[in-house]
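Report on the following structure.
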Amino acid sequence: MNGLEDILQGLDVDSFENYRGWLMAKLLAKNSSFINETNRLESDYPCKRYTFNYAKRVAEELSSLQKEDDVNFYKSYLQQSSPKRWRLAIRVWGCNTDLEEAAESRPESVQVIEDLEAFKMSSEFYPNGC
């Protein structure tokens, strides 16, 4: 086991439920000011994400989450030995780098993003290119 898995396994159900309740209360709390509320809502407009009840929906999902769900998610997607685990590696080359030489050293499984805007538009993680 490693640090995070040890913490998850060692966390008793009452502590998990207390933390989940705190997080739900924080999500459902009213914004402290009109400016904060306006900023939150305005950030959705450029991307056409009109999810005005986003916090409420997340809190509803949290209400059904159990400790075992977190442990299983960790084991499936974050644990180093999991076949479903993905890693993102970003390389930045300086202006004096020989790009042909750098390309030759690149592993087969690498996806190079040439056009960031086209990548965003094609990705499920960037709805509407935002």
Nothing charged except the Cβ atoms of Lys and Arg (+1) and of Asp and Glu (-1): what's the magnitude of the dipole of segment 26-103 about its Cα centre? Round to the nearest 20 debye.
340 debye
GluC sites (Glu not before Pro) within segment 19-113, DSSP loop, no more than 14 other Cβ atoms inside 10 Å:
Glu108
Hey, quick one: spin label on Lys120, modelled 7 Å out along Cα-Cβ, who in segment 33-65 has an amide N within reach, i.e. under 12 Å?
46-48
Please give the contour-minus-distance gain from Glu60 to Ser33: 0.36 nm per residue of separation, less the Cα-Cα distance, rounded to one decimal in nm.
7.3 nm
Run the count for the chain, please: Lys pairs, Cα-Cα under 29 angstrom, 8 or more apart or on different chains.
17
Kindly provide the chymotrypsin sites (Phe, Trp or Tyr not before Pro) of segment 5-92 that DSSP labels as loop, not H, G, I, E or B, and whose Cβ sees at most 16 other Cβ atoms within 10 Å.
Tyr50, Phe52, Trp86
Rg followed by Dmax, in Å, when segment 1-51 is reduced to its Cα trace
17.1, 46
Pop out the Kirkwood hydrodynamic radius of the chain from its pairwise C-alpha distances, inverse of mean 1/r, in Å to one decimal.
19.3 Å
Shape descriptors of segment 58-101 over alpha-carbon atoms, Rg and Dmax in angstrom, are 18.8, 53
If the chain between Tyr50 and Lys26 were fully extended at 0.36 nm per residue, the gain over the current Cα-Cα distance would be 6.6 nm
Between Asn72 and Leu11, what is 0.36 nm times their sequence separation minus the Cα-Cα distance? Round to one decimal in nm.
20.6 nm
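Taken together, the values in this text are just the output of simple stated rules run on the coordinates, not laboratory data. Being a predicted model, the structure only gives us computed values, none of them experimental. So basically every Cβ, Gly included, is an ideal-geometry build from the backbone, and we count neighbours across all protein chains shown.
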